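Below is one structure, written out as structure tokens; the observations come after it.
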Amino acid sequence: MRIHVATDHAGFEYSKTLIAHLTEQGHECVDHGPVEYDALDDYPAFCIRAAQAVVADQQAGVMALGVVFGGSGNGEQIAANKVRGVRAALVWSEDTALLARQHNDANVVAVGARQHSSEEMLRLIDTFIGEAFSDEERHLRRIQQIFRYETEGELDA
């Protein structure tokens, strides 16, 4: 699977660890930045580019997911979610990682680099990547409602 990775200065070192870990597992990783540590960097462009690449790959039939992280993961999740077709989920436990995939078919995971140890972060991301969407009708229906609002501005009910 292709994994698109983006971070900010808070997750810079983690991103290198993560990419090495995922590559060892046989994934193709694409690093969307930053390329060097800068305590004043701005994460939105990095995360948006990673999110755009996930959507482009998925539309082209390539199995792809994204990973974005920063100090808390909140801003990175918000930035990624501005891209049409992205469902980015902030995860902080294995349960939230599982449910993000099973119930929401999340295609980008956000993690707080300052909230978890390296081992915890890897476990959360591995859990997210390793889980599949349930394809249950109720979850499909809800995702479609979100997509309809995103693309047409219409709400059901």
Subject >> Cβ pairs under 6 Å, 6+ apart, first in segment 101-116 and touching a residue at least 60 places away in the same chain (Cβ under 8 Å), second part of a helix (DSSP H, G or I) and open to solvent by 30 Å² or more (accessible area, probe 1.4 Å) >> reply: ALA113/TYR14
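For residues that are among the aromatic types (Phe, Trp, Tyr) and in contact with a strand residue (DSSP E or B) (Cβ under 8 Å, 6 or more places away or on another chain), scanning just segment 1-45, find the one that is nearest to ASP57 (Cα to Cα).
My answer is TYR43.
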**OP:** For segment 10-30, name all the residues that are without any contact (Cβ under 8 Å) to a residue 60 or more places away in the chain and buried (at least 17 other Cβ atoms within 10 Å of the Cβ).
**Re:** PHE12, SER15, ILE19, CYS29, VAL30
**OP:** State which residue pairs qualify: first residue of a type outside the set (A, V, I, L, M, F, W, C) and inside segment 134-147, second residue assigned to a helix (DSSP H, G or I) in any location, beta carbons under 7 Å apart, and separation of 6 or more residues or different chains.
**Re:** SER134/GLN102; SER134/HIS103; HIS139/HIS103
Original post:
Would you say ARG84 is out of contact with any strand residue (DSSP E or B) (no Cβ under 8 Å at 6 or more places or on another chain) and either among the charged types (D, E, K, R) or modelled with pLDDT under 95 (or both)?
Top reply: yes
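Taking the condition open to solvent by 40 Å² or more (accessible area, probe 1.4 Å), under 19 Å from ASP8 (Cα atoms) and either free of Cβ contacts under 8 Å to residues at least 40 places away in the same chain or not β-branched (Val, Ile, Thr) (or both), does LEU155 pass? Step through it out loud before you land on a result.
Numbers: open to solvent by 40 Å² or more (accessible area, probe 1.4 Å): yes; under 19 Å from ASP8 (Cα atoms): no; either free of Cβ contacts under 8 Å to residues at least 40 places away in the same chain or not β-branched (Val, Ile, Thr) (or both): yes.
Here the answer is no, as LEU155 does not meet what is asked.
On the basis of being among the charged types (D, E, K, R), on the phi > 0 side of the Ramachandran plot and over 14 Å from the mean Cα position of the chain (by Cα), does ASP135 make the cut? If you could, list the steps in order and put the result at the bottom.
Working: among the charged types (D, E, K, R): yes; on the phi > 0 side of the Ramachandran plot: yes; over 14 Å from the mean Cα position of the chain (by Cα): yes.
When the stated conditions are applied, ASP135 passes them.
Sort out which residues of segment 134-157 are of a type in the set (Asp, Glu) and not in a loop (DSSP other than H, G, I, E, B), and write them in order of number. Working first, answer last.
In the first step, residues of segment 134-157 are kept if they are of a type in the set (Asp, Glu); the result is 135-137, 150, 152, 154, 156.
Scanning segment 134-157 gives GLU137, GLU150, GLU152.
Of the residues ALA39, ALA50, ALA113, which is farther than 17 Å from VAL5 by Cβ and among the aliphatic types (A, V, I, L, M)? Reasoning before the result, please.
Details: ALA50 fails: farther than 17 Å from VAL5 by Cβ; ALA113 fails: farther than 17 Å from VAL5 by Cβ.
Residue meeting the stated conditions: ALA39.
The values are calculated or read from the model by the stated rules, or taken from the named source; none is laboratory data. Worth saying up front: this structure is predicted, and the values here are computed from it rather than measured. Neighbour counts are summed over all protein chains in view; Cβ atoms, including those assigned to glycine, are modelled from backbone coordinates with ideal geometry. These accessible areas exclude ligands, DNA and RNA; they are computed on the full protein's heavy atoms, side chains included. Shrake-Rupley method; radii C 1.70, N 1.55, O 1.52, S 1.80 Å.
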